[in-house]
Each structure stands twice: as structure tokens, then as C-alpha cells.
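In what follows, a structure is listed as C-alpha cells, so that the remarks can point back to it.
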């Protein structure tokens, strides 16, 4: 298990949906000598609104430390298209490899209401930075 990067999760609210992300570095899956740094992130999507909504697809924008951008799109998340009634939440864990030691991720989820209306729920920008190793006293 990785070490949490930030004690306070990143949050974004869109139309009654709260998206909360908590990233962490995965040193056991990373190999800096091979230019591979891997992060995990926990996502919570909470429906604080009054509508039933379903997550249909995701769109991620991943920017590495050199400013290179990769976009990832796909149906659902972790193989699911969760339906969220008011007051319900969905949680999942995923990961992201980079070829630099830091980066930023952000994006949106395409949601659809029971009436067939679609909207984008924002995923907050969050940092992928190596944990502070702490001070070393010589």
C-alpha cells in the first residue's frame, strides 16, 4: 500500500455530486531507474442532489512534469457504470503510471439523469508528487 500524499482529499462539486480524490505513491510498483513512477488514487462519488444519476463514462487529462499531456477516455470506471440515488455513494480505487516523478490529473465523468439528460461532473485537479522523505539530520 502506498503512502497518502495529502491528508485532505481533493474535492469538486457539480450539480449535487461531490467527487473526492485521495492520491498516494506506490513505491513497490515504481522503478525510477526505468523512469516509471506509479500512483494509486481512491475516488468517492457522493450524490448530494435530488436526482438519480448514472456514471456513463470518464475522461482523464494526465499531465507529467515535462508538460506532456495524455487523455484517457472510456466507459464507466473499473468496469462499472454505477447508478447513484440521492444520498448514495460509489467508491473505487485505480492507478496511474508516469514517466516523470510528478504530474497532475483531472477530468470529468459523463453522467446521465433518469430523464436522459447528460452532464459532466468535474474531477478535481490533483497532484501526483513524491512524498516528502522528511528531514535528515547529518
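Coordinate-derived values only; no laboratory data. No experiment lies behind these values; they were computed from the predicted model shown. Please note: Cβ atoms are built from the backbone with ideal geometry, for glycine as well, and neighbour counts cover all protein chains shown.
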*asked:* Please compute one quarter of the surface area of the Cα convex hull for the chain and express it in square nanometres.
replied: 9.5
_Packing-based exposure ordering (other Cβ within 10 Å, fewest first) of 18, 66, 98_ = 66, 18, 98
_Report the gain in length on full extension from residue 100 to residue 75: 0.36 nm times residue separation, minus Cα-Cα distance, nm rounded to one decimal._
6.3 nm
*Order of 116-122, 24-30 by packing, highest average Cβ count within 10 Å first?*
24-30, 116-122
*Rounded, prolate or oblate: which fits the stretch 30-84, taking a ≥ b ≥ c as square roots of the Cα gyration tensor eigenvalues, rounded meaning a/c under 1.5, else prolate when a/b beats b/c?*
prolate
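Length gain on complete extension for the stretch residue 48 to residue 35, per 0.36 nm per residue less the alpha carbon to alpha carbon distance?
Here the answer is 0.6 nm.
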*Could you please rank 37, 60, placing first whichever residue has the fewest other Cβ atoms within 10 Å of its Cβ?*
60, 37
*Say each of residue 89 and residue 118 gets a label point 7 Å from the Cα, pointing the same way as Cα to Cβ; how far apart are those two points in nm?*
2.8
